[in-house]
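Read through the structure below, which is laid out as structure tokens, and then see the notes.
The values are calculated or read from the model by the stated rules, or taken from the named source; none is laboratory data. Everything quoted here is computed from the prediction, not taken from an experiment. All Cβ positions, glycine included, derive from the backbone under ideal geometry; neighbour counts span all protein chains shown.
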Amino acid sequence: MSMISQQDIGLLSTNALVHVATIGTQGEPQSSPVWFDWDGEFIKISLTKNRQKYRNLQREQRVALSIVDPQNPYHYLEIRGTVARIDENPQTAFPFIDALAKKYLNMDKYPNTQPGDERVIVYIKPKHTTHQIYASQGAIKRNTRKMSMRSG
């Protein structure tokens, strides 16, 4: 069973922002919207090393994500997971932010790169998902999936 339902796969291909929540140094939540990509296994986001979110993820790899459907604000997907890896290679990190600029801005190059930026790609592995859809008839549909841990 895939961690992301077929109904929500379409949401992951939209240009919706994902709100990424991390845990700060005092245990407080820190949340901000970012661009993302879904490769079928990981939610991928781009950060610079000088951001609080990057420092939080270096220390605590648990993360919560929330995506709201741009066509139906009553359809959302929550993903809880962990950072599987952080790619610090500039040969992949800068082309990735350029690809996100194409998706979100329809621009070939990310326009806000600053001199000295150290950019990374964060790979987030979903472990638990919840979604809700408010249908036109007033019905609410909720679904929760957790990754099962089986020894083999």
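Listing for the model above:
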{"read-out": "Out of Lys127, Lys102, sole residue that is farther than 13 Å from Trp35 by Cβ and of a type in the set (Lys, Arg)", "value": "Lys127"}
{"read-out": "Which listed residue, of Gly81, Gly40, is of a type outside the set (A, V, I, L, M) and on the phi > 0 side of the Ramachandran plot", "value": "Gly40"}
{"read-out": "Residue within the stretch 32-54 that is hydroxyl-bearing (Ser, Thr, Tyr), assigned to a strand (DSSP E or B), at pLDDT 95 or above and more than 13 Å from the chain's Cα centre (by Cα) present", "value": "yes"}
{"read-out": "Residue list for the stretch 89-129, filter: more than 24 Å from Asn50 (Cα to Cα), at pLDDT below 95 and surrounded by fewer than 16 Cβ atoms within 10 Å (Cβ to Cβ)", "value": "His128"}
{"read-out": "Complete set of residues in the stretch 2-27 that are within 19 Å of Thr82 (Cβ to Cβ) and either among the polar types (S, T, N, Q) or part of a loop (DSSP other than H, G, I, E, B) (or both)", "value": "Ser2, Met3, Ile4, Thr22, Gly24, Thr25, Gly27"}
{"read-out": "Residue in the stretch 32-40 that is loosely packed, with under 15 Cβ neighbours inside 10 Å and of a type in the set (Asp, Glu) present", "value": "yes"}
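Quick grid of which residues meet (1) free of Cβ contacts under 8 Å to residues at least 24 places away in the same chain; (2) of a type outside the set (Val, Ile, Thr):
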position	(1), (2)
Leu11	no, yes
Val18	no, no
Ser32	yes, yes
Gly40	yes, yes
Arg62	no, yes
Arg80	no, yes
Val83	no, no
Phe96	no, yes
